[in-house]
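Structure first, commentary second.
The values are calculated or read from the model by the stated rules, or taken from the named source; none is laboratory data. Because the structure is a prediction, the values reported are computed rather than measured. Cβ coordinates were reconstructed from backbone atoms using ideal geometry, including for glycine residues, and neighbour counts include every protein chain displayed. To get the accessible areas, we keep the full protein, side chains included, count just its heavy atoms, and leave off ligands, DNA and RNA. Shrake-Rupley method; radii C 1.70, N 1.55, O 1.52, S 1.80 Å.
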Amino acid sequence: LKSPYLIGDELHLQQILVNIIGNAIKYTHNKGKVEVIISDDNIDNNKSKVNFTISDNGIGIEAKQLPTIFKAFERADNAMEQQYKGTGLGLAISYNLVKMMGGELKVRSEVDKGSSFFFDLELNKINEEEYDRYIKLKNKYH
């Protein structure tokens, strides 16, 4: 990352990444690959646009099923419920959290080739001194 000190909603960002990376791992078979890329672009002296991309070479999602993939309790198909366990809420929660944080979660996918989920978030830049104060306060109250 170009900006070494960024601050944002770390708990929700963690939940988003755990959900999406967890799905990538779940739907990628042995010897498959899951890749996480995080990069940023400076917006100005106070903000940075951080780009998150989570890709896998797993089972993929059919094009006709992509419009509903971010809805609660939706799965690509009912047969998947038998093979892959879970509540069907992870992507819906992630989609809504990204939206609440000012971004948009998107997906590209192809059956038997894998999926890529990606989103951008604007995060505030802080300097090293501000970061140290933030960590001290966080540790004091958590």
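Taking amide H as placed 1.01 Å from N in the peptide plane, TYR5 has its amide H under 5 Å from the amide H of ILE126, each at least 5 places away in sequence or on another chain.
Using only Cα atoms, find the angle between the long axis of helix 10-26 and the longest principal axis of the chain, and express it within 0 to 90 degrees, rounded to the nearest 10. Roughly 30 degrees between the two axes. Other residues with beta-carbon under 12 Å from the beta-carbon of ASN139 carry, at +1 per Lys or Arg and -1 per Asp or Glu, a net charge of +3. For the chain, the longest principal axis of the Cα atoms and the long axis of helix 128-141 meet at an angle of about 70 degrees. Listed by chain and number, the lysines placed with their C-alpha closer than 23 angstrom to that of LYS26 are LYS64, LYS71, LYS85, LYS106, LYS113; residues fewer than eight positions away on the same chain are left out. Peptides 18-25, 91-98 ranked from most to least packed by the mean count of surrounding Cβ atoms within 10 Å: 91-98, 18-25. The residues of the chain expose on average 66 square angstrom of accessible surface per residue, using a 1.4 Å probe on protein heavy atoms.
Can you figure out the FRET efficiency of ASN30 with LYS2, using R₀ = 22 Å and their beta-carbon distance, to the nearest 0.05?
Details: r = 36 Å, r/R0 = 1.63.
It comes out at approximately 0.05.
For the chain, relative contact order (Cα pairs under 8 Å, six or more residues apart, normalised by length) works out to 31 percent. Recomputing volume of the Cα convex hull per residue in Å³ from the coordinates shown identifies the correct label among (i) 130; (ii) 115; (iii) 164 as (i). Applying the Karplus relation 6.51 cos²θ - 1.76 cosθ + 1.60 with θ = phi - 60° to segment 107-115 yields 3J(HN,Hα) values of 9, 10, 7, 9, 4, 6, 10, x, 9 Hz, where x marks Gly and Pro. Pick from LYS99, LYS31, LYS113: which residue has the top mean-square fluctuation in a GNM of the chain where Cα pairs under 10 Å get a spring? Result for the chain, Cα springs under 10 Å: LYS31 fluctuates most. Note on LYS31: aspartates and glutamates with a C-alpha under 17 Å away, same-chain residues under 8 apart excluded, are ASP56, ASP112.
For the pair ASP9 and LYS113, label points projected 7 Å from Cα toward Cβ lie 3.4 nm apart.
The figure for ARG133 is an accessible area of roughly 130 square angstrom, using a 1.4 Å probe on the protein chains alone. Only protein atoms count toward the accessible area here, which uses a 1.4 Å probe; on the chain, the carbon and sulfur part of that area reaches 50 percent.
The gain in end-to-end length when the ALA63 to ILE135 segment is fully stretched comes to 21.5 nm, 0.36 nm per residue minus the alpha carbon separation.
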